[in-house]
Each structure stands twice: as structure tokens, then as C-alpha cells.
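Here is the structure we will look at, set down as C-alpha cells.
The values are calculated or read from the model by the stated rules, or taken from the named source; none is laboratory data. Just so we're clear, the structure is a prediction, and the values are computed from it rather than from any experiment. Here the Cβ positions follow ideal geometry from the backbone for every residue, glycine too, while neighbour counts run over all protein chains shown. Note: accessible area is taken over every heavy atom of the protein model, side chains too, but ligands, DNA and RNA are not part of it. Shrake-Rupley method; radii C 1.70, N 1.55, O 1.52, S 1.80 Å.
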Amino acid sequence: SRSEALIKVIGEFLRARPKDKIGAVRFDMDAFLISPLTLDHDWMIARLKDEKPGRGTAPGSGLLIAAEH
């Protein structure tokens, strides 16, 4: 599925950046923080796997939430 492919690509990206703090914001109808900046990339991947597909998109709200954190 697309979400499995996305998680695989994100996992590869995170493994290539082991010393970088990385966070994640989800945006569909609304936007919210999935993970604050963290070095625990395994936790972040597990958290992404728990997310369910949504509907719609709100990239502006996603950018605002990311900038706030």
C-alpha cells in the first residue's frame, strides 16, 4: 500500500541520518504533531505505523504546526 511504501522510504531516510533530530507532522483535514524532534527514530517509525489513513489535505496547517514546534 502507499502508506507502507511511505513508511519504508521514511525509515531509509531516518537510518541515513542517525545523528539528526527529526519530527513528524500529520495533515489531512486537520494537522497535528505525530512526533516532536527526536533522535529515537525507531520510536518515530513505530508511531507512523500506528497512523490511519485520513481524507483531505491541509498542507498550510501542517507547515504552521511544524513551524510552531
Quick one: in segment 33-50, of everything that is touching a Ser or Thr at 6+ places or on another chain (Cβ under 9 Å) and loosely packed, with under 14 Cβ neighbours inside 10 Å, which residue is farthest from SER1 (Cα to Cα)? TRP43
Matching residues, segment 1-32, being more than 24 Å from GLY56 (Cβ to Cβ) and open to solvent by less than 60 Å² (accessible area, probe 1.4 Å): GLY11, LEU14, ASP20, ILE22
Of the candidates GLY56, GLY62, the one satisfying the condition of being open to solvent by less than 100 Å² (accessible area, probe 1.4 Å) and on the phi > 0 side of the Ramachandran plot is GLY56
Could you say which residue among VAL9, VAL25 is in contact (Cβ under 8 Å) with a residue 40 or more places away in the chain and of a type outside the set (Ser, Thr, Tyr)? VAL25
Count - residues of segment 1-37 that are among the polar types (S, T, N, Q) and in contact with a strand residue (DSSP E or B) (Cβ under 7 Å, 6 or more places away or on another chain): 1
